[in-house]
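In what follows, a single structure is set out as structure tokens and then discussed.
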There are 2 protein chains.
Amino acid sequence: MGTPISELGEFRLIDRITSPFPKFHNETIRGIGDDAAVLKLNSENYTIITTDVLVEGIHFNLVYTPLKHLGYKAVAVNLSDIAAMNGTPKYITVSIALSAKFSVEAIEQLYSGILAACEKYHVELIGGDTSSSMTGLMISITAIGEVLPQKVTYRSSAKVGDLICVSGDLGAAYLGLQLLEREYKLFKDTPEIQPDFSTKEYLLERQLKPEPRFDILKTLNDAGICPHAMIDISDGLSSEINHICTKSNVGAKIYAHKIPIDTVTSITAEEFNMAPETAALHGGEDYELLFTVNADHLNKLLTIPSISIIGMITEAHEGIKLILQGGNEVDLSTKGWDAFLS
Amino acid sequence: MGTPISELGEFRLIDRITSPFPKFHNETIRGIGDDAAVLKLNSENYTIITTDVLVEGIHFNLVYTPLKHLGYKAVAVNLSDIAAMNGTPKYITVSIALSAKFSVEAIEQLYSGILAACEKYHVELIGGDTSSSMTGLMISITAIGEVLPQKVTYRSSAKVGDLICVSGDLGAAYLGLQLLEREYKLFKDTPEIQPDFSTKEYLLERQLKPEPRFDILKTLNDAGICPHAMIDISDGLSSEINHICTKSNVGAKIYAHKIPIDTVTSITAEEFNMAPETAALHGGEDYELLFTVNADHLNKLLTIPSISIIGMITEAHEGIKLILQGGNEVDLSTKGWDAFLS
């Protein structure tokens, strides 16, 4: 039957299947291997293009995901990839495949969320495709944006000595998902029990309605800071720092107690018998920005409350290390959410 | 349960869900409603963007579709939309969702077909996404191309008095599918019988390995002919001429006996007790080009063997008519392949 995909993993599969593809065009600044492709279609801006697919039963469960939120999130996660290039989103195409269980009104709900995201981020819907499917719902979005050539942030441009920064806080989206899954299981067993999410609203919002951090890009720009390397945290801090270090050929030190974690996240992690740092490192879906900045900007960064300095870029041979509170170091191996292993 | 999608149909559903979306950007020349969106990202060319999704069980059956052919076709149908804008394809992104039944080797087969199409048409793979799915395979491709502003061909620019032309021949892809389905059913009942496709290879090739007609664009360009309106025939001649007439606010006369049909198509249609014209009008998947041309070009067009003149654009109030051999007229109502009705 051949090699199971799980044996290879998503990232190695992508490397293997895409490596034979040739380049044909001089306008291609970056192809596969970053948050988005970068094309030079005119002399002023780079055009950036990214695509993501969301599949029912894999990326979302419609029992507890309102269709409007799903539409919003499907756009948001694509725009987050544009943000990770330090770009401005401009256009999307949306393709959906859906089974006969979906009514016209259900599709309108989905598109009302897509519309809300388009309006919030001034993005135009310029095309798409609609198809039936044998089972369930699939949403495939391509986002197109632009960035000034001198501002584009690749995964590959981290420099030794850079400060490693993260926006917002981490782990909340993962715990929001755990809460929804727990209440869903309770509901299946005893349908008369109503779920109680009081005090946990923040976690649900982070899971169901993530926002791309264009506000952080503006804050950095206003402060005169242009990050060296940047990536959005879709698969978890651990996986993303590994991407930056591999592509930049550097190492990293991350200080565990500097990772920003909201109080509700910490309390809820403990309810699930999980270290909050585990959710922050491996949870994913926070769609915060992870970026590296020249250490000269330290004073400026310290004045920005929505940005945390969590570590430093080191030489490649020093590896990727998590420094625990007592000073012990542990190897920060990739344990990001892998679509084929979860 | 709400309104079933089949009650509305694909095209009305798309109109309904996309009409509330606002425009934000001056660079948008055309958004939704043609074979591709058209953006003015630089002063020389228009950038054209199109997207299509193929779903297992809806658009293809892996029992008789080799994965390499499927990969090739998935690219070809997107490039055909670029051809319909009179454009040149340059880039694609490819997203796939697939269940655990697919091995690494199977995915490599699929991508070998994608690669073959990229190499043939000098198209670069610049991005994508890979996901698992609960069942089956889904391929979503976005293609990006370019066209000179004075050469772009919309559905909406047909003029009264234009000649209606079609490239190649029609109906073969549909009969190829009927043959494959028939042999598949025979095989299910009596697995010891080997399918016999001798003399029918042309029909299978048209179904399994369609080619976008960039050669026709070159022929027209070399002859100094720029079509007024153009569309590719994915859903059948009848559906496509309806799109052109509706968008251009014109009518059309199509002469049934002028529709180009290959001899093998005609013979096989009769084996299936079907008028060959029915396959040509409603079959779809031929990916030929349907276009309208100023009647001044008649003499030039008559010298091009791969192009057939099949009718004329008329005033809108004259409707869309099929003229039969005896001279009788029938209304050419839309009976194109509709993903939600089939």
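What follows draws every value from the coordinates through simple rules; no lab data is involved. Nothing here was measured: the structure is a model prediction, and the numbers come from that model. Cβ atoms come from the backbone with ideal geometry, glycine included; neighbour counts cover every protein chain shown.
Any chance you could check the Cα centroid distance between region B:216-251 and region A:192-258 for me, in angstrom?
48
Mind telling me which of A:Lys90, A:Lys200, A:Lys185 comes out most flexible in a GNM of chain A, alpha-carbon contacts under 10 Å?
The residue with the greatest mean-square fluctuation here is A:Lys185.
Let me spell out the model: positive unit charges on the Cβ of Lys and Arg, negative unit charges on the Cβ of Asp and Glu, origin at the Cα centre of chain A. What dipole size does that give, in debye rounded to 20?
640
Put the label 7 Å from Cα along Cα→Cβ for B:Gly57; what are its distances to the other copies, in nanometres, shortest first?
The answer, with the shortest distance listed first, is 0.7 nm.
Give the aspartates and glutamates reachable from A:Lys185 as a straight Cα distance under 16 Å; neighbours fewer than 8 places away on the same chain don't count.
Candidates past the 8-residue exclusion: A:Asp196.
So, with +1 on the Cβ of K and R and -1 on the Cβ of D and E, and no other charges, what is the size of the charge dipole of region B:32-131 about its Cα centre, to the nearest 20 debye?
120
Over the Cα atoms of the protein assembly as shown, what is the Rg over Rh ratio if Rh follows Kirkwood?
Rg divided by Rh gives 1.00.
Using the reciprocal of the averaged 1/r over all distinct C-alpha pairs, how large is the Kirkwood radius of region A:52-190 in Å?
17.0
Looking at chain B, identify the longest residue range that excludes and avoids all GluC sites (Glu not before Pro) in DSSP loops having at most 15 other Cβ atoms within 10 Å.
B:45-191
Can you give the three extents of the C-alpha atoms in region B:41-130 along their principal axes, from longest to shortest, in whole Å?
Result for region B:41-130: principal-axis Cα extents of 48, 22, 21 Å.
Binning at 10 angstrom from zero up to the longest distance, how are the C-alpha pair distances of region B:163-331 distributed in percent?
Histogram of Cα-Cα distances, whole percents per bin: 10, 37, 33, 14, 5, 1.
How far is the Cα center of region A:29-77 from the Cα center of region B:94-159, in Å?
Result: 16 Å between the Cα centres.
In sequence order, what are the phi-derived ³J(HN,Hα) couplings for region B:77-93 according to the Karplus relation 6.51 cos²θ - 1.76 cosθ + 1.60 with θ = phi - 60°, rounded to whole Hz, with x for glycine and proline?
With coefficients 6.51, -1.76 and 1.60, one gets 5, 6, 5, 4, 5, 5, 4, 5, 8, 6, x, 10, x, 10, 9, 9, 10 Hz.
What dipole magnitude, in Debye to the nearest 20, does the protein assembly as shown give about its Cα centre under +1 on Lys/Arg Cβ and -1 on Asp/Glu Cβ?
960
So which of B:Lys40/B:Lys90; A:Lys40/B:Lys90; B:Lys68/B:Lys151 end up more than 24 Å apart by C-alpha?
In this structure, B:Lys68/B:Lys151 exceed 24 Å between Cα atoms.
Write down the percent of antiparallel bridges among all DSSP beta bridges whose residues are both part of the protein assembly as shown, to the nearest 5.
Within the protein assembly as shown, antiparallel bridges account for around 75 percent of the total.
Please state, to two decimals, what the Cα-based radius of gyration of region A:187-261 comes to when divided by 2.2 N^0.38 Å (N = residues).
Against the compact-globule rule of thumb, the ratio is 1.61.
If each label sits 7 angstrom from Cα along the C-beta direction, how far apart, in nm, is B:Lys101 from its counterparts in the other copies?
Shortest to longest, the spacings are 1.9 nm.
Between the label point of B:Lys159 and that of the same position in each other copy, find the distances and list them shortest first in nm, with every label point placed 7 Å from Cα along the Cα-to-C-beta direction.
Values, ascending and in nm: 5.9.
Straight-line reach only, C-alpha to C-alpha below 22 angstrom: list the lysines that B:Lys258 could link to, leaving out same-chain residues fewer than 8 apart.
B:Lys258 reaches B:Lys159, B:Lys300, B:Lys321, B:Lys335.
Can you tell me the alpha carbon radius of gyration of chain B divided by the globular rule-of-thumb value 2.2 N^0.38 Å?
1.00
Which residue, B:Val53, B:Val77, B:Val293, tops the fluctuation ranking in a GNM of chain B built on C-alpha contacts under 10 Å?
Among B:Val53, B:Val77, B:Val293, the largest mean-square fluctuation in the Gaussian network model of chain B belongs to B:Val53.
Which of the three applies to region A:109-261, rounded, prolate or oblate, going by the alpha-carbon gyration tensor with a ≥ b ≥ c and a/c under 1.5 meaning rounded?
Oblate.
Which of B:Thr47, B:Thr263, B:Thr142 moves the most in a Gaussian network model of chain B with Cα springs under 10 Å?
Of B:Thr47, B:Thr263, B:Thr142, the Gaussian network model singles out B:Thr263 as fluctuating most.
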